[in-house]
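Notes for the one structure printed next.
The values are calculated or read from the model by the stated rules, or taken from the named source; none is laboratory data. Keep in mind that this is a model prediction, so the values were computed, not measured. In this analysis, Cβ positions are derived from the backbone assuming ideal geometry, glycine residues included, and neighbour counts consider all displayed protein chains. The accessibility values were calculated without ligands, DNA or RNA, using every heavy atom of the protein model including side chains. Shrake-Rupley method; radii C 1.70, N 1.55, O 1.52, S 1.80 Å.
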Amino acid sequence: MLDPGIEGGIYGGFLQGPVYIAVATALFVCGAWWATQVKSAARLVQFETAGVAGLGILISVLLGRVAEAGYNLPDHALLGLYVSVWLILSLVQFKRAEQTDGFTRLRRIFGWGYFGLASLAFLTGAFWLDPVIGEGASPVAGFFPLDSIVMAYALPALILFASHRVKSLPAPLPRNIGLPIAGALTTWTIILEVRRFWHGNDIYGSDILTPELYSYTVALLIATLACVVAALIRKDNNLRKWGLALAGVTAVKVFLWDMSDLQGLNRATAFISLGLTLAGIEWLFQHFTMEKPSKKKPDA
């Protein structure tokens, strides 16, 4: 992380950056294999977590080099890569803290230190470097899905989501806090990608094009249907609530914003389409129960 680090790996030579990090990561993997051979659980955790950290740094550097493409990487992307690596290092320390030895407390301190550093950096970047609202905004670079927007917001969201969905990973935040944060970051990523589609690389400002406004509605409907289908398949009541909430947000957006620019037949068509979509969602919820019916024991 210190040498060559994220920036050194992105802007430096290929041998001094990605190859150097890849070799170090490979050595950690070899160490993990050796630990399994000697059946040393403590050493296995050390080498495995070091390998995960090295792999996270390597992926961040490679993503940065792809998006940079001969130009300076936008500040929001560079900060997002640092946030992602700090989150990974935080998970590494929390995973090592699960060992019962004399360093447990120290590892937790390091874990919360990395997590606090990532949080502080992200909050600073969200207000100052955001490509839409930030005073220090810079144009988006790269091509979807390897552009600077994904690096700034989707990568941290993916790490937070994985910490709650992968059983072998520790979760620094409670589930009811970590998953909504990951969902919010994912939502913001989609909004910025839609805006970039209509405005190009320079998406700073408050102007919203009419086609862009409708694109957000389509994205909300897709997200609503995805939540509903996932809730029915997984029989997850929390996903069901998210689906209903998204349906409500979609309806409010259509009534307050989308309809203001439509007249006559176009407005009627939009109302009918929204009504049919919401009716379809309600039909799904009515015909597919969220809970499995309980089996009654036969009377003796």
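Here are the numbers for this structure:
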| quantity | calculated |
| --- | --- |
| Near pairs, Cβ below 7 angstrom, 6+ apart or cross-chain, from the stretch 24-39 (closer than 22 Å to Ile59 by Cα and of a type in the set (Ser, Thr, Tyr)) to any residue that is open to solvent by 40 Å² or more (accessible area, probe 1.4 Å) and assigned to a helix (DSSP H, G or I) | Thr25/Leu55 |
| Filter result (basic (Lys, Arg) and either in a helix (DSSP H, G or I) or modelled with pLDDT of 90 or more (or both)) within the stretch 28-64 | Arg43 |
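Residues are listed down the side, and each one gets a yes or a no for (1) out of contact with any strand residue (DSSP E or B) (no Cβ under 7 Å at 6 or more places or on another chain); (2) modelled with pLDDT of 75 or more; (3) part of a helix (DSSP H, G or I); (4) among the aliphatic types (A, V, I, L, M):
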| site | (1), (2), (3), (4) |
| --- | --- |
| Thr187 | yes, yes, yes, no |
| Asn201 | yes, yes, no, no |
| Ala223 | yes, yes, yes, yes |
| Ala231 | yes, yes, yes, yes |
| Trp242 | yes, yes, yes, no |
| Thr250 | yes, yes, yes, no |
| Arg267 | yes, no, yes, no |
| Ala270 | yes, no, yes, yes |
| Pro293 | yes, no, no, no |
